[in-house]
Each structure stands twice: as C-alpha cells, then as structure tokens.
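Chemist: I have a structure I would like to understand better, so I am pasting it below and will then ask my questions one at a time.
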Amino acid sequence: MASKFSQSTKFFKAVSDESRIKILYFLRDGEKCVCEIWKKLELPQNLVSHHLKVLKDLGLLDSKKDGLKVYYKINKNNLDKYFNNFNKLINS
C-alpha cells in the first residue's frame, strides 16, 4: 500500500505545477515539438525542458528525436494508470 501512496504523491507533485498542466493540455491533441511547446507557453526554453523532463521521468510523456528536434506526446497508458491507482486508493 505504501507504494500506491508514493505513486500518487509523485504524480500529484508533478502535475501540481501550472506549467506542467498546460503542457499536458497542449499535448492532448497529439505530438508536438519542444519549439512549439515553449512558444505556446511563452516561457524560456530551458524551463520548459525542465518541466518536460519531470513529466517524462514520471512516464507521463514519451519523446522521440528527429534530427535536431524533439517531439513529445502524452503516454495515455501511464496517465490512466496513475488515475486508476489513485481511484483505487481512495475507494478502497
């Protein structure tokens, strides 16, 4: 059970930042290049890259490199797992 608390805590810490929520919202329609993301958020590229890394390290995003560009998309399976784990935790 401790691991379920830990997973939920990590998830909510990661998505508690407004910029990260905006990134997830922006990616809801599909894959986007980092350059599109930071321009949309109007934040410095290094800060957006930090937020992307946090979300990717948690498994909420997948990425692929194409030449010099990196594209990100939501990993819907992992996102669903976090929601399902939290739902089970509060409903058990």
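The values are calculated or read from the model by the stated rules, or taken from the named source; none is laboratory data. Computed from a predicted structure; not experimentally measured. Glycine also receives a Cβ, built like all others from the backbone with ideal geometry; neighbour counts cover every protein chain displayed. For the accessible areas, the whole protein counts, side chains as well, though only heavy atoms, and no ligand, DNA or RNA atoms are used. Shrake-Rupley method; radii C 1.70, N 1.55, O 1.52, S 1.80 Å.
Condition check ((1) touching a Gly at 6+ places or on another chain (Cβ under 9 Å); (2) open to solvent by 80 Å² or more (accessible area, probe 1.4 Å); (3) part of a helix (DSSP H, G or I)) across all residues:
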site	(1), (2), (3)
PHE12	no, yes, yes
ARG28	no, yes, yes
ASN46	no, yes, yes
LEU79	yes, no, yes
ASN85	no, no, yes
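Chemist: Is it true that ARG28 is touching a helix residue (DSSP H, G or I) at 6+ places or on another chain (Cβ under 9 Å) and in contact (Cβ under 8 Å) with a residue 24 or more places away in the chain?
Modeler: no
Chemist: List every residue pair whose Cβ atoms sit under 8 Å apart, with the two residues 6 or more apart in sequence or on different chains, where the first one lies in the range 68-86 and is modelled with pLDDT under 95 and the second, anywhere, is among the charged types (D, E, K, R).
Modeler: ASN85/LYS4
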